[in-house]
Amino acid sequence: MPDSASLESPAFPLFGDLAAADVAAMRPLLHRRQFKAGAVVFQRGDPADDVYLIVSGQLRISVGSADGRELAFRVVGPGEMVGELGVLDGSRRSADLTALRDSVLLGLSRNALHDLLTTRPAMASGVIRFLCTRLRDTSEQLEALALQRIEVRLARLLLRLAHAPAPVRGEVELTLDLSQSEIAALIGASRPKVNLAFAELEARGAIRRTGRKLHCRIGTLEELAEVCVL
């Protein structure tokens, strides 16, 4: 059974803004899952039984090769959705999802989701808008890999990590649970070039490094993310 204390105001970006009646219909269908850092939530090829909202923690979406290499696609945190494609189209998981930190997720099963979409048109419209946003984000990521300098890509990654679960201002302390190899994979660069990009951001006053902790100046990162071009 869902833990009602943790489901007081579930907001699923998958559906957009919901009326109170739609929230009330969804609430009893949610189930809460907890994962320790390092735990695998699902693997590529698994049945896609649930779509998840991340309540707390941080997780990595990645794929592995037969020779043991791993390519990280995204790092996701509170307020983000994962696993929607396989649930919507009935296919299997296309990537692995691994907890980088202790994480809490709210799950909605495939059957429950399909019942909601069939009986509540506003929810179905929200899903269409969500998928369009996903497609637009993918196009922007491809554009970034092709046209933007590495420090711009790194600045944008750090902004995404620092802004979860909500937009922030000023200086933010960020603990990186990603290796530089994983960061390199996320922004489409080599590890040595990621090292140089970190040094460039530090020289420009956007970050200050203390071991695995970064002190990020949000305003400076935003300026670099917008003005640095080829």
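The values are calculated or read from the model by the stated rules, or taken from the named source; none is laboratory data. Note that the coordinates shown come from a computational prediction; the quantities given were computed from them, not determined experimentally. Neighbour counts are summed over all protein chains in view; Cβ atoms, including those assigned to glycine, are modelled from backbone coordinates with ideal geometry.
Quick notes
- Condition met for Leu97 (in contact with a helix residue (DSSP H, G or I) (Cβ under 9 Å, 6 or more places away or on another chain) and either on the phi < 0 side of the Ramachandran plot or not charged (D, E, K, R) (or both)): no
- For the range 74-94, the set of residues classified as crowded, with 17+ Cβ neighbours inside 10 Å and more than 12 Å from the chain's Cα centre (by Cα) consists of Glu84, Gly86, Val87, Leu88, Arg93, listed by residue number.
- Candidates in the range 61-94 are the residues that are part of a helix (DSSP H, G or I) and charged (D, E, K, R); of these, the one that is farthest from Ala189 (Cα to Cα) is Asp89.
- Candidate set from the range 3-29 (those that are under 20 Å from the mean Cα position of the chain (by Cα) and among the aliphatic types (A, V, I, L, M)); member that is modelled with the lowest pLDDT: Ala11
- Residues located in the range 28-70, provided they are in contact with a Gly (Cβ under 7 Å, 6 or more places away or on another chain) and acidic (Asp, Glu): Asp50, Glu70
- Pick from the range 95-109, criterion out of contact with any Leu (no Cβ under 7 Å at 6 or more places or on another chain) and part of a loop (DSSP other than H, G, I, E, B), ranking: surrounded by the most Cβ atoms within 10 Å (Cβ to Cβ): Ala95
- Boolean, Val51 is aliphatic (A, V, I, L, M) and modelled with pLDDT of 95 or more: yes
- Residue within the range 73-94 that is among the hydroxyl-bearing types (Ser, Thr, Tyr), closer than 20 Å to Leu158 by Cβ and either in contact with a Leu (Cβ under 8 Å, 6 or more places away or on another chain) or assigned by TED's automatic domain parsing to the domain that holds Gly126 (or both) present: no
- Residues that are free of Cβ contacts under 8 Å to residues at least 60 places away in the same chain and over 13 Å from Leu154 (Cβ atoms), drawn from the range 167-191: Pro167, Val168, Arg169, Gly170, Glu171, Val172, Glu173, Thr175, Ser179, Ser181
- For the range 46-73, a residue qualifies if it is more than 20 Å from the chain's Cα centre (by Cα) and either under 19 Å from Leu85 (Cβ atoms) or not small (Gly, Ala, Ser) (or both), and the qualifying residues are Pro47, Asp67, Arg69.
- Every residue from the range 34-70 that is more than 17 Å from Asp177 (Cβ to Cβ) and surrounded by fewer than 14 Cβ atoms within 10 Å (Cβ to Cβ): Arg44, Gly45, Pro47, Gly64, Ser65, Ala66, Asp67, Gly68, Arg69
- Tally, over the range 112-132, of residues that are surrounded by 12 or more Cβ atoms within 10 Å (Cβ to Cβ) and either hydroxyl-bearing (Ser, Thr, Tyr) or more than 21 Å from the chain's Cα centre (by Cα) (or both): 10
- Total residues in the range 69-90, condition among the β-branched types (Val, Ile, Thr) and closer than 17 Å to Phe15 by Cβ: 2
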